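Comments concern the structure below.
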Amino acid sequence: MTGRRYTGSADGAAKGCRAGLKVLIDEIVSLSGNSLWNNGDFVVRNMRGKETLSVHATGRAVDLSYRFIRAGKGKKDGRAVALQWCRLLTEHADAIGLEMIIDYWPEPYGRAWRCDRDGWVKYERKMVSGAPHGDWLHVEVSPKMADDPAGMKAAFEKIAISLSGQISG
């Protein structure tokens with residue numbers, strides 16, 4: 001899991017949400033029992049407050065919200081479920097091509113996990129818009145897995161089998 005290169009937005013703008021990312025979104029929403037839901041995936045734009053292209057523009061990033069807003073979207077225990085998914089996704093980072101998760105909630109300024117450091121860093125200064133107390137996770141996958149829906153589906157089938165009964169939702 002350690003030492004994989006972080007791509008960021010280096011592969012440039014895409015034409016839409018890539019097929020492997022769509023599978024990841026569908027699997028997480030389903031396996032979380034709708035505790036997490038797609039709050040936004042593909043949009044061509046720069047990162048908020050920066051001159052750098054957002055990874056959302058590459059079709060490889062999604063924001064998964066856990067706030068409780070109405071029937072069918074979110075659950076009252078959404079933050080706890082989001083934390084379980086942070087653990088689950090990082091444990092299976094290589095299988096799903098996970099490159100980054102940003103967790104906007106923790107004070108003082110959120111935290112992030114990246115594949116090139118294989119660990120979490122708690123931000124001590126303003127690094128991301130929406131932190132602290134943002135009620136979503138930003139998830140990015142590699143170009144390879146973003147373009148491999150069958151591989152992403154297979155990875156999630158193995159994850160679901162190995163963790164049967166351990167995922168709250």
Self-check item: Close pairs from the stretch 95-106: first within 14 Å of TYR6 (Cα to Cα) and free of Cβ contacts under 8 Å to residues at least 40 places away in the same chain, partner acidic (Asp, Glu) and buried (at least 20 other Cβ atoms within 10 Å of the Cβ), Cβ under 6 Å, at least 6 apart
Solution: none
Exercise. Kindly establish whether ALA80 is modelled with pLDDT of 90 or more, small (Gly, Ala, Ser) and buried (at least 19 other Cβ atoms within 10 Å of the Cβ).
Key: no
Quiz item: In the stretch 1-44, which residue that is among the aromatic types (Phe, Trp, Tyr) and either assigned to a loop (DSSP other than H, G, I, E, B) or touching a Gly at 6+ places or on another chain (Cβ under 6 Å) (or both) is surrounded by the fewest Cβ atoms within 10 Å (Cβ to Cβ)?
Solution: TYR6
Self-check item: For LYS50: the one exception among (1) at negative phi; (2) surrounded by 15 or more Cβ atoms within 10 Å (Cβ to Cβ); (3) not in a strand (DSSP E or B)
Solution: (2)
Quiz item: Within the stretch 137-169, which residues are touching a helix residue (DSSP H, G or I) at 6+ places or on another chain (Cβ under 9 Å), at pLDDT below 90, assigned to a helix (DSSP H, G or I) and among the small types (Gly, Ala, Ser)?
Solution: ALA160
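The values are calculated or read from the model by the stated rules, or taken from the named source; none is laboratory data. Please read all numbers here as calculations on a predicted model, not as lab measurements. Neighbour counts are summed over all protein chains in view; Cβ atoms, including those assigned to glycine, are modelled from backbone coordinates with ideal geometry.
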